[in-house]
Amino acid sequence: MGNKGDKFWFKDKGTAVDYLGRPLITATDSSNPWWTLLEEAIKKANGKVGKPEIFPASTDVCYVRLVGLPAIGFSPMAKTPILLHDHNE
């Protein structure tokens, strides 16, 4: 674990695939046609694509991946503090 500014970065020593050998993380580059479509749609709407981050508590995407489907969760709120499960949720 390392501290870079106000974020902590963890290096997982576990596997990146499930028990059937399927990836647990969806690719966020040109190898994934769904990522490319999402990126294009954001740019067409004059939005800005930020650096992809793993945020496991934001959606149920992990359950979608468990059945073998690649999935991407995203937030349309740019430059907004993460207030998920905050005291006033």
Take the conditions more than 15 Å from the chain's Cα centre (by Cα), part of a loop (DSSP other than H, G, I, E, B) and modelled with pLDDT of 75 or more and apply them to L20. Does it pass? yes
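Restricting attention to the range 23-59, report how many residues are in a loop (DSSP other than H, G, I, E, B), at pLDDT 80 or above and not hydrophobic (A, V, I, L, M, F, W, C). Don't jump to the end; show me each part of the working.
Within the range 23-59, the first condition is being in a loop (DSSP other than H, G, I, E, B), and the residues that meet it are 24-32, 45-59.
If we keep only those that are at pLDDT 80 or above too, we end up with 26-32, 45-52.
Okay, now just the ones that are also not hydrophobic (A, V, I, L, M, F, W, C), so 26, 28-32, 46-48, 50-52.
Residues in the range 23-59 being in a loop (DSSP other than H, G, I, E, B), at pLDDT 80 or above and not hydrophobic (A, V, I, L, M, F, W, C): 12 in total.
Going by the conditions given, is G73 modelled with pLDDT of 80 or more and of a type outside the set (F, W, Y)?
Values: modelled with pLDDT of 80 or more: no; of a type outside the set (F, W, Y): yes.
It is false that G73 is modelled with pLDDT of 80 or more and of a type outside the set (F, W, Y).
The values are calculated or read from the model by the stated rules, or taken from the named source; none is laboratory data. None of the values given here were measured: they were computed from a predicted structure.
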